[in-house]
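One structure is given below, encoded as structure tokens.
The values are calculated or read from the model by the stated rules, or taken from the named source; none is laboratory data. Owing to the predicted nature of the structure, the values given are computational and were not obtained by experimental measurement. Don't worry about glycine lacking a Cβ; one is built from the backbone with ideal geometry, like all the others, and counts go over all protein chains shown. Please note that ligands, DNA and RNA were not included when accessible areas were found on the heavy atoms of the full protein model with its side chains. Shrake-Rupley method; radii C 1.70, N 1.55, O 1.52, S 1.80 Å.
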Amino acid sequence: MSITPFRTPIAPSLVKEAYLALLKKGWRPGDRDLKTPRNLKIETGIIEKAEGSALVKLGNTQVIAGVKADIGSPFRDTPDQGVLTVHAEFVPLASPMFEPGPPDENAIEVARVVDRSLREVGAVDLPSLAIIPGEKVWVVWVDLYVIDHDGNLFDASMLATMAALLTARLPAYEESESGEILLKRGTPGEPIKVNTWITTVTTAKIGGYVVVDPNLEEEAISDVRLVTALDSGGRIVGMQKTGMGGLTTRDVERMIEYSIEASKVYFKALEDSIKR
Amino acid sequence: MESEERQLAGRIVVPGEPVDDAGGEEPYVASVGGVRRATVVGMIRESEEGGRTFVKLKGVYIPEPGHVVIGLITSVGIMNWFVDINSPYTAVLSVQDFLGRPFNPAVDDMSALLKVGDYIKAKVVAFDKTRSPTLTVQGEGLGRIVRGKVIEISPAKVPRVLGRKRSMLQVLEEKTGCSIFVARNGRIHLECPNEDLEAIAVMAIKIIEEEAHTSGLTRRIIKFIEEERKVREV
Amino acid sequence: MGGKPPEGVRLIGEDGRRHDGRLPHELRPIHMEVGVLNNADGSAIVQYGRTRVLAAVYGPREPHQKFPLLPDRAALRVRYHMAPFSTEDRKSPAPSRREIELSKVVRESLEPIVIAEEFPRTVIDVFLEVLQADGGTRTASVTAASLALADAGIPMKALVGSVAIGKVEGVLVVDVDELEDMYGEADMPVAAAPDLGEITLLQLNGVLSREEFSTALEMALESIKTIVDMEKDVLRKTYTSVEGGEQ
């Protein structure tokens, strides 16, 4: 069941008016133009016990991704592939709007959009995660932890997922004589093979304007957002309209244009974070 | 009669469809994207005052001050009753209003006055969508309904049961011998000489609800009532 | 998505036709009916081929359970749910993560068109039950919800309709069914209100180039116009037979 939410936080109408006046001039608060994402920092390897991890700071938004791997059975319809699962938690420490409890529709939406963006294009090489095809495969969990919410959880989550996967090392293991797989946790083994780099870029429609990477205040005054998943070649590999408003064809075309441009900034930051 | 009823038929319009120059009340006609459009299913027909008008065929009952409604007592509060008025909004009737004097909890027993399940005829005093509608039973013909039968139809069909200048209601009352009160919220109170006539009147009203806008309806209703009375020998 | 279709099934044949004989731009046979339930304030059943969705609208009403009501408008409450018997393998009736997400995107496809400001402090319930799933259950749900809302007399700016564009063997096709969804390269559900030129649902699962996306969106909007025209027809027909109006 999905219910019309309270508009939280409530955006004072004065804020919106002042904001629109600024947008008209092509600017946003903090000397940001409409097409530029906030300051982006990606740190990897922040959780030693995880197979891979990353902390993404997108403006004041902070998301941690942790990758854990275990050995399990493959799905019946894909016996020769590993299993990848994305899960998101909006923990209550991240925002006065978040309540304890199982993931709500917003957390589920973020996790599923990230999951689909990876899955549809085969970003993670699932066949290489098979250990004994048909019997034993790697089961890889990406757990997203939103720890500070200042808008655009989609992009921060996708970036964190990507950075964590790209730097993850599966645990080393030994095969015993009886065919048992013995994990050697703490001893890094093979990396997770990533075929394609993916980012999502979120754009918001505010009044008649389109802005890239909206912060919380911008989300509150926006009518609707579009999350566009892109690969580094500018192909569209996923999309999700989110929010209560509607879009015209022109809005959508403009949003994609802005998104392709902004994705280059995200990819560059990802690349830098891997090198370090 | 025939020509008058034919005018009731009109063109069906659906949500989003422009209504051009036809009259009609908000929000059932609204300006969307600079065009006046229907927002509910309705019909465009000649209006009684001349010109064309939009008549909604679907819709819920929204109370307005001055409307007389038939309400059902659904629960009892400390100083008031909560009343289902066939609307998204539950109405409130205060004990003080019902008594016409201040309420004294030491003497007055609310449950002896009105019980859950009682019907009342009441007038809407105030309503603005931010607070529950308030009712009064002070006025002629208002108060608890003690005899007869109450039935419910779609509030959008109330004008059809009344007919032009209450012509349909007149026919119903004359031909069945019932006294019939049609409230704005789609509830109808009937007091009839006997059960057979009551049953006939109820059936006739249901036919009007279902076949509103068809031409020759008044004539068919008269024929229906007369035939039923013959069959039932009343 | 991806993988090879079963032996003997050609997603796109040499004659350019799809596995069920449709041309790329053709919709499945669509059937719509309004006012199919007695209790609901508004209802509809919509079929896209073998996909069948039942919609019921209740309200505006005061909710039974304690519920944070909105002071300035009605809350829309949407439940997209699949019947256990609607799929090949029995689906557990407990709401899945997919159903929770789809309830949200379907609600957000209706929010822009429902005039909710008319009924503060109330709730408008839209219940969607997928009776049979053969691809396009969310799109058929949006179409069914649009009809049920109109049938309930809820003021709306316009009707919405929905369809999914797919890409199978490199060809963009309209209204993908389950098989095409399963083995195709992309699936893009779109909902829109053609009378307003407004897109109210947009998702993409799969890969499209920039140009393919624009073409796909155009194809979707064209098909949605056809679907909404069918909605208008069925509403007119329903109310003509009931009300005796002229079409």
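Of all residue pairs spaced 6 or more apart or on separate chains, those with beta-carbon atoms under 6 Å, a first member in the range B:110-129 that is in contact (Cβ under 8 Å) with a residue 24 or more places away in the chain and a second member that is open to solvent by less than 60 Å² (accessible area, probe 1.4 Å) and of a type in the set (S, T, N, Q) are B:LYS123/B:THR136; B:VAL125/B:THR134; B:VAL125/B:THR136; B:ALA126/B:THR134.
For the range B:34-77, the strands (runs of 3 or more DSSP E) that sit wholly inside it and include 1 or more residues that are closer than 25 Å to B:GLY163 by Cβ and either away from chain C (no Cβ under 14 Å) or touching a Ser or Thr at 6+ places or on another chain (Cβ under 9 Å) (or both) are B:42-46, B:52-56, B:68-76.
Residues that are of a type outside the set (Phe, Trp, Tyr), touching a Lys or Arg at 6+ places or on another chain (Cβ under 8 Å) and farther than 30 Å from C:ALA152 by Cβ, at least 2 per element: which strands (runs of 3 or more DSSP E) completely within the range B:129-234 meet that?
On the way: elements: B:134-136, B:149-152, B:179-182, B:187-191.
Because the criterion is at least 2 residues that are of a type outside the set (Phe, Trp, Tyr), touching a Lys or Arg at 6+ places or on another chain (Cβ under 8 Å) and farther than 30 Å from C:ALA152 by Cβ, no strands (runs of 3 or more DSSP E) in the range B:129-234 meet it.
Which of the residues spanning the range C:175-200 are closer than 18 Å to C:PRO29 by Cα and out of contact with any strand residue (DSSP E or B) (no Cβ under 6 Å at 6 or more places or on another chain)? C:ASP177, C:GLU178, C:LEU179, listed by residue number.
Return the residues of the range A:213-262 that are of a type in the set (A, V, I, L, M, F, W, C) and open to solvent by 10 Å² or more (accessible area, probe 1.4 Å); say none if nothing qualifies. Within the range A:213-262, A:LEU216, A:ALA220, A:MET244, A:ILE260 meet the criteria.
When only residues in the range A:179-199 that are surrounded by fewer than 16 Cβ atoms within 10 Å (Cβ to Cβ) and not in a strand (DSSP E or B) count, which is modelled with the lowest pLDDT? Within the range A:179-199, the match that is modelled with the lowest pLDDT is A:GLY179.
Residue check: is A:THR203 open to solvent by less than 20 Å² (accessible area, probe 1.4 Å), more than 9 Å from every other protein chain (Cβ to nearest Cβ) and not charged (D, E, K, R)? Break it down stepwise before answering.
Working: open to solvent by less than 20 Å² (accessible area, probe 1.4 Å): yes; more than 9 Å from every other protein chain (Cβ to nearest Cβ): yes; not charged (D, E, K, R): yes.
Against the criterion (open to solvent by less than 20 Å² (accessible area, probe 1.4 Å), more than 9 Å from every other protein chain (Cβ to nearest Cβ) and not charged (D, E, K, R)), A:THR203 qualifies.
For B:TYR89, the criteria (1) in a strand (DSSP E or B); (2) in contact (Cβ under 8 Å) with a residue 40 or more places away in the chain; (3) open to solvent by less than 30 Å² (accessible area, probe 1.4 Å); (4) of a type outside the set (Gly, Ala, Ser) hold in every case but one, which is (1).
Just the residues that are of a type in the set (S, T, N, Q) and either within 14 Å of another protein chain (Cβ to nearest Cβ) or in contact with a Pro (Cβ under 6 Å, 6 or more places away or on another chain) (or both), please, taken from the range A:61-112.
Kept after step one, since they are of a type in the set (S, T, N, Q), are these residues of the range A:61-112: A:61-62, A:73, A:78, A:81, A:85, A:95, A:106.
A:THR78, A:GLN81, A:THR85, A:ASN106 - these are the residues of the range A:61-112 that are of a type in the set (S, T, N, Q) and either within 14 Å of another protein chain (Cβ to nearest Cβ) or in contact with a Pro (Cβ under 6 Å, 6 or more places away or on another chain) (or both).
Residues that are at pLDDT 90 or above and surrounded by 15 or more Cβ atoms within 10 Å (Cβ to Cβ) within the range B:204-217 comprise B:ALA204, B:ILE205, B:ILE207, B:ILE208, listed in sequence order.
Taking the range B:93-117 on its own, how many of its residues are over 20 Å from B:VAL146 (Cα atoms) and either surrounded by fewer than 10 Cβ atoms within 10 Å (Cβ to Cβ) or under 25 Å from the mean Cα position of the chain (by Cα) (or both)? Show your work before the answer.
Residues of the range B:93-117 over 20 Å from B:VAL146 (Cα atoms): B:96, B:101-108.
Now restrict to residues that are either surrounded by fewer than 10 Cβ atoms within 10 Å (Cβ to Cβ) or under 25 Å from the mean Cα position of the chain (by Cα) (or both): B:102, B:104, B:106-107.
Within the range B:93-117, residues that are over 20 Å from B:VAL146 (Cα atoms) and either surrounded by fewer than 10 Cβ atoms within 10 Å (Cβ to Cβ) or under 25 Å from the mean Cα position of the chain (by Cα) (or both) number 4.
For residues in the range A:37-89 being in contact with a helix residue (DSSP H, G or I) (Cβ under 7 Å, 6 or more places away or on another chain) and in a loop (DSSP other than H, G, I, E, B), which is nearest to A:ASP150 (Cα to Cα)? By that ranking, first place goes to A:PRO37. Which ones in the range C:70-92 are open to solvent by 60 Å² or more (accessible area, probe 1.4 Å) and not basic (Lys, Arg)? The answer is C:PRO71, C:ASP72, C:PHE85, C:GLU88, C:ASP89, C:SER92. With a requirement of 1 or more residues that are within 26 Å of C:GLU111 (Cα to Cα) and touching a Gly at 6+ places or on another chain (Cβ under 6 Å), the strands (runs of 3 or more DSSP E) lying completely within the range C:1-78 that satisfy it span C:42-48, C:51-61.
Candidates in the range A:263-276 are the residues that are open to solvent by 20 Å² or more (accessible area, probe 1.4 Å) and of a type outside the set (A, V, I, L, M, F, W, C); of these, the one that is modelled with the lowest pLDDT is A:ARG276.
Hey, which of the strands (runs of 3 or more DSSP E) in the range C:153-241, taking only ones fully inside, have at least 1 residues that are at the interface with another protein chain (Cβ under 8 Å from one of its Cβ atoms) and over 30 Å from C:ARG10 (Cβ atoms)? Give the derivation first.
Working: elements: C:161-168, C:171-174, C:186-193, C:198-208.
Qualifying strands (runs of 3 or more DSSP E): C:186-193, C:198-208.
Is at least one residue of the range A:107-123 open to solvent by 40 Å² or more (accessible area, probe 1.4 Å) and free of Cβ contacts under 8 Å to residues at least 12 places away in the same chain? Taking every residue of the range A:107-123 in turn, none turns out to be open to solvent by 40 Å² or more (accessible area, probe 1.4 Å) and free of Cβ contacts under 8 Å to residues at least 12 places away in the same chain.
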